[in-house]
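Reviewing the structure listed below.
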Amino acid sequence: KKKMSKVFNLQNGPSLMRMNSVGLDAVRLVDMDTDSLEIDWDPVENARRYLIHGRYVSDENFRLLRDDVVEPHCKLTGVPDQEYELKVVAEVNVGKVIAKKCAEVKSLKVVKIERYSVDVQWENCKGASHYFVQKRIANSMHNFETVFERITQNSCTISSLQEGTKYEVRVLSGTANFTHSRSVSVEFTPLSCVQNLRFTELLSSSVALEWDSDAGTRFQIVTSKANGNNVIKTEETTFCRQIVSDLSPGNDYYIKVFAGAQNQPFESIGTSMTVRPLKFPEQVKIIEITSNSISVEWKISEGANSYAITIFDQSNISQTFISSTPYYTAQNLEVGKNYQLKIFSGYHDQFETQGSNLIYFTPLLPPTNLLVSDQTDSSVKLKWDGPNGAGRYKIQCTTQEENGEEKVSLITDRCNGNELTVKIKPGVYHNFQVFSGNDSGFETVGASVKVITQKPPTNLAYHELTESSVSLTWNYNAISSFSPVFSVAYSKSSNPEEILYLTTENTFTTIYGLESGTCYTIRVYAGDGMNFEKKGSNILSITPLSIVTDLKIIDLNQSQLVLSWISPNSSNRFKVIYITKKLLLQQSQQL
């Protein structure tokens with residue numbers, strides 16, 4: 001409820017002029033809403049200005065609300081929701097005034113806004129010798145408060161303002177004996193800088209920014225090169241976020257964000273950050289997967305000096321590792337657990353947010369007990385035991401020809417069982433590897449087994465035979481960089497099923513423990529110590545015999561020598577060696 005009143009004989013004018021305060025006969029309420037009202041009255045002749053006073057009905061004294069009204073109407077805001085009384089006084093000239101007048105201030109602007117202060121500037125007025133700077137809270141019933149009195153410069157800094165509060169400032173021009181009652185005013189809101197400026201997405205050619213602001217309703221984003229001097233773009237937004245695009249990867253950019261109120265200048269300090277757009281790592285590949293680790297490498301990203309390797313487990317729990325090189329080994333992983341890996345390019349502790357393609361992997365134990373069976377000249381069966389968590393296996397083979405050339409070939413990566421028959425080439429060294437895996441990939445340690453399909457030994461012969469042993473030699477054309485192992489198989493001719501073996505890495509050996517007078521069959525096979533080719537060398541048959549006894553001369557003449565001896569059992573032929581002492585020449589003949 002608002003109440004109007006007519007007031008007479010209120011107050012005298014300023015001492016510089018002879019003034020008279022005239023009460024008004026008709027004050028009218030034109031419009032009223034919840035927090036403002038508009039009044040008017042009949043104009044008063046020679047009125048210099050009108051003074052608006054107000055008080056609560058319960059108060060004794062009136063308070064000056066407005067002293068800048070020059071027209072016979074006024075709108076008041078911030079009216080309290082209580083019974084309130086208003087009075088309007090016209091201030092008129094009643095005598096001759098001796099005063100040097102000046103022009104009113106018509107150009108007033110805010111040049112700098114900070115958290116608790118503002119810099120204002122205006123054009124010098126013709127005839128003015130000084131200025132009065134006044135402020136008040138905008139859109140309120142408060143009277144203007146003089147901040148600076150009789151200053152001579154055309155600019156000033158108003159301090160001790162309240163952050164986030166909208167103010168109205170005016171500047172009155174004056175001379176020695178005159179103060180202009182009119183002035184344009186300007187409104188502004190002191191604002192703090194934006195807080196917590198950060199990026200939510202950093203790509204190769206753009207950056208998405210976010211920040212916090214207590215009172216700002218619009219924002220200015222200024223992007224420049226790293227030194228902050230070469231501004232390349234200025235953008236505005238009403239949101240606390242912005243995407244700055246058209247950037248070049250590997251270059252540093254200096255971005256500054258300023259806060260501002262609607263239709264008002266931006267605060268002048270701003271909040272800044274430096275960003276470097278980067279390309280995400282490319283050509284990421286797995287070097288090794290073990291039961292508890294993974295090693296990866298990738299192509300170097302231009303402008304990056306660090307990389308973040310993030311690993312997610314099947315529960316989406318992540319751990320991040322930092323590397324300054326384009327390769328990394330992550331350890332202490334759980335065997336049989338599914339993981340995802342992604343790599344981000346960075347510059348010091350700032351990383352792009354797109355990242356490389358996802359790498360899926362599962363640390364697994366390699367197969368065990370890899371064996372070869374059913375070997376022929378053209379195929380071999382591989383058997384192994386698989387670890388827990390392995391759903392399939394990859395088999396690859398490294399072959400080495402007789403010329404030393406090596407070749408790695410994938411046999412299959414879709415083997416679901418624990419055995420596989422594979423083809424082999426005769427006369428070639430094979431190294432088979434079996435890797436455990438699942439849908440996420442394969443571990444890289446694997447199990448390996450060698451399969452040799454070399455030609456069999458040749459020219460098996462004996463060079464010394466005693467009553468209980470035989471010394472053997474043979475020829476073998478070995479594969480380059482491969483040292484074969486030989487298996488010497490021997491059995492009694494009378495019992496060929498009972499075969500005895502001995503192994504050697506040489507192309508000669510001696511068999512001991514033979515029975516005198518017993519015929520033996522001997523054959524040599526080439527292999528790797530566990531697996532041997534099936535053909536073997538030529539077959540050698542020998543019979544160890546006891547030495548002759550009672551050797552003696554029974555006749556000797558000028559041209560011949562007659563010998564005799566006692567023969568051991570089973571001997572049906574003999575070799576006689578004689579040497580001429582003079583020539584030391586060995587000869588032999590069979591008798």
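The values are calculated or read from the model by the stated rules, or taken from the named source; none is laboratory data. Quick caveat, the model's predicted, so the values are computed rather than measured. Glycine gets a Cβ as well: all are built from the backbone with ideal geometry, and neighbour counts include every protein chain shown. Remember, those area values only see protein heavy atoms, side chains included, never the ligands or the DNA or RNA. Shrake-Rupley method; radii C 1.70, N 1.55, O 1.52, S 1.80 Å.
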Next on the checklist: Show me, for segment 356-369, the HN-Hα J-couplings you get by feeding each phi into the Karplus relation (A = 6.51, B = -1.76, C = 1.60, θ = phi - 60°), rounded to Hz, glycine and proline as x.
Outcome noted: 6, 5, 5, 10, 9, 7, 9, x, 9, 6, x, x, 10, 6
Next on the checklist: Once you keep just the Cα pairs under 8 angstrom separated by 6 or more residues, what percentage relative contact order results for segment 501-582?
Outcome noted: 22
Item to check | Out-of-range pairs (alpha-carbon distance over 18 Å; input LYS492/LYS535; LYS75/LYS106; LYS112/LYS233; LYS425/LYS535; LYS285/LYS423) | outcome: LYS492/LYS535; LYS75/LYS106; LYS112/LYS233; LYS285/LYS423
Checklist outcome for this item: Residue by residue through segment 510-517, the couplings from Karplus 6.51 cos²θ - 1.76 cosθ + 1.60 with θ = phi - 60°, in Hz, x for Gly and Pro, are 10, 9, 10, x, 7, 8, 5, x
Checklist entry - By its C-alpha gyration tensor, with a ≥ b ≥ c as the square roots of the eigenvalues, how is segment 59-201 shaped: rounded for a/c under 1.5, else prolate for a/b larger than b/c, else oblate? => result oblate
Item to check | Amide H contacts under 5 Å for LEU563, placed H, 5+ residues apart | outcome: ILE554
Item to check | Amide H partners (placed H, <5 Å) of GLY391, local residues excluded | outcome: GLY437, ASN438
Item to check | Sites LYS75 and ASP439 - FRET efficiency at Förster radius 60 Å, r taken between beta-carbons, to 0.05 | outcome: 0.20
Checklist entry - What does the charge count near VAL171 come to, summing +1 for each Lys or Arg and -1 for each Asp or Glu among other residues with Cβ under 14 Å from its Cβ? => result -1
Checklist entry - Roughly speaking, what is the stretch gain from THR549 to ILE137, that is 0.36 nm per residue apart minus the C-alpha to C-alpha distance, in nm to one decimal? => result 134.3 nm
Next on the checklist: For a test of the definition: using alpha carbon positions, the gyration tensor, and the 1.5 limit on a/c, classify the chain as rounded, prolate or oblate.
Outcome noted: prolate
Checklist entry - So, counting K/R as plus one and D/E as minus one, what does the shell of residues with Cβ under 11 Å around GLN134 add up to? => result -2
Checklist entry - How much net charge surrounds SER224 when only other residues with a Cβ under 15 Å from its Cβ are counted (Lys, Arg +1; Asp, Glu -1)? => result +1
Checklist outcome for this item: Per DSSP, the loop-located GluC sites (Glu not before Pro) within segment 460-547 having at most 12 other beta carbons within 10 Å are GLU505, GLU515
Checklist outcome for this item: Scalar couplings 3J(HN,Hα) for segment 338-351 by Karplus 6.51 cos²θ - 1.76 cosθ + 1.60 (θ = phi - 60°), nearest whole Hz, x for Gly and Pro, are 7, 10, 10, 10, 9, 10, 10, 7, x, 10, 6, 9, 10, 10
Item to check | Mean separation of Cα contacts under 8 Å, 6 or more apart, over the residue count of the chain: relative contact order % | outcome: 7
Next on the checklist: So for segment 261-369, averaging the separation of alpha carbon pairs under 8 Å that are six or more residues apart and normalising by length, what relative contact order in percent results?
Outcome noted: 29
Checklist entry - If you stretched the chain out fully between SER468 and ASP119, how much longer would it get, using 0.36 nm times the residue separation minus the C-alpha to C-alpha distance? => result 113.7 nm
Item to check | segment 406-541 - percent of accessible surface contributed by carbon and sulfur, probe 1.4 Å | outcome: 46
Checklist entry - Near the amide H of SER129, under 5 Å away, which other amide H atoms are found, from residues 5 or more places off or on another chain, if H is placed in the peptide plane? => result GLY174, THR175
Checklist outcome for this item: Between ILE566 and LYS423, the two model label points (7 Å from Cα along the beta-carbon direction) sit apart by a distance in nm of 6.7
Checklist outcome for this item: Of the residues GLY250, ASN531, HIS348, the Cα lying farthest along the dipole of the chain towards its positive end, which is defined by charges on the beta carbon of Lys, Arg, Asp and Glu, belongs to GLY250
Item to check | Theoretical FRET efficiency, 1/(1+(r/R0)^6), r = Cβ-Cβ of ASP35 and ILE300, R0 56 Å, to 0.05 | outcome: 0.30
Next on the checklist: If a paramagnetic tag sat 7 Å from the Cα of ASN416 along the Cα-Cβ line, which residues of segment 345-385 would have the backbone N under 16 Å from that point?
Outcome noted: none
